[in-house]
Amino acid sequence: MAWDAPRVTVDAVIERDGSVVLVKRLNPPYKDMWCIPGGFLELGETAEEGTIREAEEETGLKVEITGLIGVYSDPKRDPRGHTVGIVYSCKVLSGNLKADSDAKEARWFPLNALPSLAFDHKKIMNDYIKGKK
């Protein structure tokens, strides 16, 4: 399923007390692997709106964006085709953590004990952790 122009994705690194929320993917690619909550930006929404929407859809949490972690554009970052990912740090405003939408499971992981991650999310988390120092 390749497309003829890069698609935009948005991801939310949601942190609380030294832990971050990861979701286990329900669908391919990387089915059953952990990743940062996120997805494709929808037509007519800002990157910030998309990040907040995706975070709630996949985790049940209402979040507030606290900063920009980075923009990731390696053409090989998604096996489905070229994507450009915009990744924000977020804090929880309300809600109870639960897997929803296309997430099989949602869980808090300590920053120093992250599992193997899908896509380029290990690089993103390393950048996030470096930025906190």
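The numbers here are math on the coordinates, done by the rules we state, and not lab data. Being a predicted model, the structure only gives us computed values, none of them experimental. Backbone-built Cβ (ideal geometry, glycine too); neighbour counts: all protein chains shown.
The table that follows gives values for the structure above.
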quantity	calculated
Within the chain: Cβ-based charge dipole about Cα centre, in debye rounded to nearest 20 (Lys, Arg +1; Asp, Glu -1)	580 debye
Largest to smallest principal axis extent of the C-alpha atoms in the stretch 7-132, angstrom	34, 32, 29
Most mobile of Leu97, Leu43, Leu61 in a GNM of the chain (Cα contacts under 10 Å)	Leu43
Computed [θ] at 222 nm, helices only, for the chain once each DSSP H run of length n ≥ 4 contributes -39500 (n - 2.57)	-6000 deg cm²/dmol
Ser94-Arg107 pseudo-label distance in nm [points 7 Å out on the Cα-to-Cβ vector]	2.9 nm
Per-residue ³J(HN,Hα) for the stretch 9-24, Karplus 6.51 cos²θ - 1.76 cosθ + 1.60, θ = phi - 60°, Hz, x for Gly and Pro	10, 10, 10, 10, 8, 9, 10, 8, 6, x, 10, 10, 7, 10, 10, 8
Neighbour cut-off at most 16 other Cβ (10 Å), DSSP loop, GluC sites (Glu not before Pro), the stretch 1-102	Glu42, Glu45
GNM flexibility winner over the chain from Ala103, Ala55, Ala113 (Cα, springs under 10 Å)	Ala113
Relative contact order [Cα under 8 Å, 6+ residues apart], the stretch 7-132, whole percent	33 percent
Choice from Val63, Val21, Val71 with maximal GNM fluctuation in the chain (Cα, 10 Å cutoff)	Val71
Under Karplus coefficients 6.51, -1.76 and 1.60, residue-wise ³J(HN,Hα) of the stretch 62-69 in Hz, glycine/proline x	8, 10, 10, 6, 10, x, 9, 7
Lys pairs, the stretch 7-132 - Cα-Cα below 14 angstrom, 8 or more residues apart or on other chains	7
Amide proton proximity set for Gly60, modelled H, under 5 Å, gap of 5+	Lys98
At most 13 other Cβ within 10 Å, DSSP loop - chymotrypsin sites (Phe, Trp or Tyr not before Pro), the stretch 1-107	Trp3
